[in-house]
Every structure is written in C-alpha cells, then in structure tokens.
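See below for the structure under consideration.
Read the figures in this text as sums done on the coordinates, not as results from a lab. These numbers come from a predicted model, not from an experiment. We place every Cβ from the backbone using ideal geometry, glycine too, and count neighbours over all the protein chains shown.
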Amino acid sequence: MNIASKPETARTPAHSEEHYVVPSVDITETKDEFVLEADMPGVTKNTLEVLLEGSELTIVGRRPAPKTREYLHRESNPAAFRRSFVLDPMIDAGRVTAQIDNGVLCVRLPKADEIKPRRISVTD
Amino acid sequence: MRLIRYSRPETWGWAPTEQLSKLREEIDRLFDAPFADISRMGEFFNGWAPPLDLTEDKDNLVATMEIPGLSKEHLDVTVHEGVLSISGERSESKQDKNAQAHRRERVYGRFHRSISLPKPVNSDSIKAVYRDGILTVTMPKTEEAKPRQIEVSVG
C-alpha cells in the first residue's frame, strides 16, 4: 500500500525538450490519509499545477525566469520541477487537496471511507 | 546525503525497479546540472547545503538561497568583513505520532553557508527578504565599487 514515484522515462514525453528538476518529497501515511510534501522553492500558487489523471498524480512547478543579472556564483537550477506518482487505489481522488506555503507543496490524499479500519462492535 | 538514500527495509518489497529508477534519476540529475550537483557534494560533509547564487547588477550584489519551508525567525544573515553568512534550521513538520513514513528525501536540520563578497558593500543598507522559500539578500555596493563613466573632454 503506497504511493510510488514513477520512473523518469514514463513522465517525460520523448518529444519534450524541456528539462525538469525532480523535487525531494516526503510521504507519510496516517490512519486517514497520505500526506505528500515536496520542496519547490520559488513556486507559487499561480505557477503550480497538480494533475490527477486516474491513479496518476503529477506535480509541476514553474519558477519565475531569473532577472538578467550577471552571475558571480551559481548553484541553483532554474528548470521547472516535475514528478509523477502512482497513487494507492485506496485514495479517494475526489477529496485530494493541495496547498503551497514557503516553497513547500503539501498534498493531502484522504483514504476512502470504506477502506479505513472500522471497529465492529460484537453483539451477543 | 543525496546519492544514497535511506529506505526502510520493509518498503523495499514493493518495487525493486523503484530503486533502479532512483539511481537513474540521480544519474540524470548529474548530467542535467553538473555544476549544481558537484556543489551539493558539501552535503556529505556538512549536512544540509542549500544552493546559493550570487549575482551582480549596477548597484547591488544579490545573494539568493533556496531554503523552502523555514520560518523567518529561524534564519540568520550576517555580513562581516566582506563575508556573507547565512545560517538557519529547518525542523520537521509536526506529524501524527502514528504516521508511517514511506519516503524521506527532504533534508532537515541546521545549515550554514558563507561566501566572500568580491566587492565592498554598504553594510548599513542590506536588505534580506524571505519569500516562497527563497531568501534574497540585496547588498548595495559602496560608491567606490560602482562602475563610473568618465567623460572624456577634448583638451
């Protein structure tokens, strides 16, 4: 039971010339939901896309084009972030929510009600 | 610690191909951005080394650093004797105690980076802004360090 990251080949169309950066993610599971957190510095609500197609979740975050300044030292990679995941079938796709705060995307993936563990009271 | 990620033994079961695709991602990453990744070798020795850029325009030196998920109270920026130092700490978000981690790729903890400034800056008017996970430090150059156009007069 998990959310699997899709391999690179599957998520970058062959005709695409665009390069992407794979964001680092944490995925945790609680009784009620999965929570996916991704580091996407520089991405805002307006430049973020969260796509859910069937059981596939794709996150794409674009960063504003850097101002034309002279670089004296550079370590950052300006390419857009992109990563796809195959969702666990127990996730209720209709109730998935996403928000981005200080460059960290948080996607909440609730489990469908019928999958949640339920205590059955035993009657006489 | 980017090239070798810790995975919980019990999560190996679900995909040996996953491990391979991770390796592939890392190799792709190396080819996509050789400079960025060589600079990240620092992570092996110093913990977290967020990427730092230094740019210049006519009036300012501008340093930017990608450090998503911090609060500005946990950031410390100093300029002393021509060296800019940025340090801070990212703590893990509060989670349910019973939460099970499936993937932990994000880095937490303290970081400290310094860079020598190639030009003198006016340390009284430095501005630091943290927005969308990026810290931007704008350091006005001193008058002496700015380029000056010299008019040539006919003698």
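To the nearest µm²/s, what D does Stokes-Einstein give for segment A:13-94 at 37 °C and 0.692 mPa s, using the Kirkwood radius over alpha carbon pairs as Rh?
On the way: Rh = 14.8 Å.
Reported coefficient: 221 µm²/s.
Using only the alpha-carbon atoms, what does segment B:50-155 span along each of its principal axes? Please give whole angstrom values in decreasing order.
Projected onto its principal axes, the Cα set of segment B:50-155 covers 83, 22, 18 Å.
Only counting other Cβ atoms within 10 Å, I'd like B:ILE27, A:ILE100, A:ILE120, B:ILE115 sorted with the fewest neighbours first.
A:ILE120, B:ILE27, B:ILE115, A:ILE100
Counting DSSP beta bridges in chain A, what percent are antiparallel, to the nearest 5?
On the way: 32 of 34 bridges.
Bridges in chain A are about 95 percent antiparallel.
Quote the relative contact order of chain A in percent (integer), defining contacts as alpha-carbon pairs under 8 Å separated by 6+ residues. List each step's numbers first, then the result.
Values: 202 pairs, mean separation 38.8, N = 124.
So the answer I get is 31 percent.
Could you sort the peptides B:140-153, A:44-57, B:51-64 by per-residue average Cβ neighbour count (10 Å cutoff), highest mean leading? Mind showing how you got there, number by number?
Working: B:140-153: 9.4, A:44-57: 13.8, B:51-64: 19.1.
Put in order of decreasing packing, that is B:51-64, A:44-57, B:140-153.
Per-residue Cβ counts within 10 Å, from other chains only, averaged over B:101-111: what number is that? Don't jump to the answer; show the numbers that get you there.
Details: counts 4, 13, 12, 5, 10, 8, 2, 1, 0, 0, 0.
For this peptide, the per-residue mean of nearby foreign Cβ atoms is 5.
Can you tell me which lysines have their Cα less than 29 Å from the Cα of A:LYS111? Leave out same-chain residues fewer than eight positions away.
Reachable lysines: A:LYS6, A:LYS31, A:LYS45, B:LYS22, B:LYS94, B:LYS97.
Count, for each residue of A:64-73, the Cβ atoms from other chains sitting within 10 Å of its Cβ, then give me the mean as a whole number. Could you put the intermediate results ahead of the total?
On the way: counts 2, 0, 3, 3, 2, 10, 5, 4, 11, 10.
So the per-residue partner count for this stretch is 5.
Treating the Cα atoms of segment B:109-155 as identical point scatterers in vacuum, please give the log10 of the normalised Debye intensity I(q)/I(0) at q = 0.15, 0.19, 0.23 Å⁻¹, two decimals.
Summing over Cα pairs of segment B:109-155 leads to -0.60, -0.81, -0.98.
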